[in-house]
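Novice: Before we start, here is the structure in question, set down as C-alpha cells.
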Amino acid sequence: MGSESEDDLVIRLVAERLMQAHPRLAAGLVKAAVATAYEELRYARVRTYLPVLMERRARDLLSSDEQPPSP
C-alpha cells in the first residue's frame, strides 16, 4: 500500500469527485481549487466534516471561475 496520508487521500477523492462533476474544467483548475480549499480548512479542530467542507469551498471557487467576466 502507498504512503498516502489521510489528508492526501481526502484531497484526491474530493478532486476526483469534482472532476467528474465538472468534466469541462481543466484537471489542474479543479486540483488548484481543492488545494485552496484544503489550505483554508487544514487547521480545523473538528476534521469530521473536512471532506464535505472542502468540496463545497472548491465548488464555490470553481463556480466563480466559470462565470463570464463582468463588463
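Novice: Identify all residues within region 20-38 that are charged (D, E, K, R) and over 10 Å from the mean Cα position of the chain (by Cα); write none if there are none. Walk me through how you get there before you give the answer.
Specialist: First, the residues of region 20-38 that are charged (D, E, K, R): 24, 31.
Result: 24, single match.
Novice: Taking into account only those residues within region 41-56 that are in contact with a Leu (Cβ under 9 Å, 6 or more places away or on another chain) and either at pLDDT 95 or above or in a helix (DSSP H, G or I) (or both), which is nearest to residue 10 (Cα to Cα)?
Specialist: Across region 41-56, the extreme among qualifying residues is 51.
Novice: Could you check region 12-39 and list, in sequence order, the residues that are surrounded by 14 or more Cβ atoms within 10 Å (Cβ to Cβ) and at pLDDT below 95?
Specialist: Of everything in region 12-39, those that are surrounded by 14 or more Cβ atoms within 10 Å (Cβ to Cβ) and at pLDDT below 95 turn out to be 22, 25.
The values are calculated or read from the model by the stated rules, or taken from the named source; none is laboratory data. In this text, all values refer to a predicted model and were calculated from it rather than measured experimentally. FYI the Cβ positions are ideal-geometry reconstructions off the backbone, even for glycines, and counts take in every protein chain you see.
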